[in-house]
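The values are calculated or read from the model by the stated rules, or taken from the named source; none is laboratory data. Just so we're clear, the structure is a prediction, and the values are computed from it rather than from any experiment. Ideal geometry is used to build each Cβ from the backbone, glycine not excepted, and the neighbour counts take in all protein chains shown. Side chains are part of the model used for accessible areas, which takes the heavy atoms of the whole protein and leaves out ligands, DNA and RNA. Shrake-Rupley method; radii C 1.70, N 1.55, O 1.52, S 1.80 Å.
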Amino acid sequence: MPDPLNFKQELTAVFGYPVAENPSQVMVEAAYRHHGLDWRYLTVEVKSEQLRDAVMGARAMGFRGFNCTIPHKVAVIPFLDGLGDSAKVMGAVNCVVRRGDKLIGENTDGKGFLQSLRAIMDPVGKRVVIFGAGGAARAISVELALAGAASIIIVNRDVTRGQALVSLLRAAVKAHVELVAWRGDYVVPSGVDVVINATSIGLYPDIAARLSLDTSSLTSAMVVADVIPNPPDTKLLHDARARGCQVIDGLSMLVNQGIIGVEYWTGITPNAVAMRQALEKVFA
Ligand code: NDP
């Protein structure tokens, strides 16, 4: 029960630029309300040249932590006191956590995905195809490899960007990693267990955009996941369901990374349903 005579809220936030359309506040504050926590999650516009001052301000004001989004996920690192294991491999931080008097950078994007996958399938020994080689692909591939996936095929249009991710993975993890230049409809090799869209194809408002994929190569033994949170029911997931695949939507990944962030900051495992419903309401 909160103390009625305590008027000091605990502060958390997301720093980004632009940031106005970032919906995290809706989801995280739903969790705070659900658990009776007098905490706030502020959506704060921070320009690149002011990131250092913003982090110093958060430190001075005793923020419990903050999320970082575009363009701060890499740039924030020099202003922090340390990094979690996967954030160190990725070289990117999306969640800063105050531990004692230190600000530690974590990356919850891939962890959120992993939590969604584990509800369906154990990643150990699995063969994975990932479309994309940007931040989301990086976060997901690093966590999957650290969790014991046997092999990862990165399929990307821009070969230079794809090669950079493959090199990063090869230097850091044991999984077998290869790059495929994405030209025409990709045929998923037989024996693959998990297929993931980690590109921005399908994101609102371009919801009719189609992933270049031969959907007849999807089998019912495969799990198909999409990072797109809005709309969560993408064309890829629609096609995958029609092929009998189990699917994971981007909203569950978004909620799970939010849950991990709230756990880091408050020590409470928040209610996933309250958080997802709050997001569904705004996306509707
Ligand atoms: P980046 O800009 O870092 O990377 C985008 C990737 O998408 C690149 O690999 C790019 O390929 C590829 N891509 C974009 N358009 C096309 C296209 N028309 N054809 C082929 N490839 C394309 O973005 P992020 O990785 O940060 O984000 C990707 C998506 O993930 C976003 O939509 C974001 O909303 C979502 N996301 C979801 C999260 C969740 O919790 N659900 C968390 C984080 C991100 P190329 O290199 O060839 O340009």
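Quick grid of which residues meet (1) farther than 22 Å from Thr69 by Cβ; (2) within 12 Å of the ligand (Cβ to nearest atom):
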| residue | (1), (2) |
| --- | --- |
| Gly125 | yes, no |
| Ala136 | no, yes |
| Val155 | yes, yes |
| Ala164 | no, yes |
| Ala171 | yes, no |
| Gly184 | yes, yes |
| Val187 | yes, no |
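Looking at Thr234, Thr219, Thr266, just one residue is away from the ligand (no atom under 16 Å from the Cβ), among the β-branched types (Val, Ile, Thr) and open to solvent by less than 40 Å² (accessible area, probe 1.4 Å), and that residue is Thr266.
Of all residues in the range 106-119, those satisfying the criterion of being open to solvent by 60 Å² or more (accessible area, probe 1.4 Å) and either among the charged types (D, E, K, R) or in contact (Cβ under 8 Å) with a residue 12 or more places away in the chain (or both) are Gln115, Arg118. In summary, Gly16 fulfils each of the numbered conditions (1) touching a helix residue (DSSP H, G or I) at 6+ places or on another chain (Cβ under 9 Å); (2) modelled with pLDDT of 95 or more; (3) surrounded by 16 or more Cβ atoms within 10 Å (Cβ to Cβ) with the single exception of condition (1). Counting only residues that are within 18 Å of Trp182 (Cβ to Cβ) and more than 12 Å from the ligand (Cβ to nearest atom), the range 222-231 holds 1 of them. When Asp81, Asp101, Asp158 are screened for being open to solvent by 20 Å² or more (accessible area, probe 1.4 Å) and in contact with a Leu (Cβ under 6 Å, 6 or more places away or on another chain), only Asp81 passes.
Output the number of residues of the range 189-213 satisfying the condition of being more than 10 Å from the ligand (Cβ to nearest atom), among the hydrophobic types (A, V, I, L, M, F, W, C) and modelled with pLDDT under 95.
2
Of all the listed residues (Met90, Met61), the sole one being assigned by TED's automatic domain parsing to the domain that holds Thr266, at pLDDT 95 or above and on the phi < 0 side of the Ramachandran plot is Met61.
Inclusion of Leu144 among residues that are open to solvent by less than 10 Å² (accessible area, probe 1.4 Å) and either out of contact with any Lys or Arg (no Cβ under 6 Å at 6 or more places or on another chain) or modelled with pLDDT of 95 or more (or both) is warranted. Test Val44 against the criterion of being assigned by TED's automatic domain parsing to the domain that holds Phe79, open to solvent by less than 20 Å² (accessible area, probe 1.4 Å) and closer than 24 Å to Leu254 by Cβ, and give yes or no. No: the conditions fail for Val44. Consider Asp81 carefully, then state whether it is touching a Lys or Arg at 6+ places or on another chain (Cβ under 7 Å) and among the acidic types (Asp, Glu). It is true that Asp81 is touching a Lys or Arg at 6+ places or on another chain (Cβ under 7 Å) and among the acidic types (Asp, Glu).
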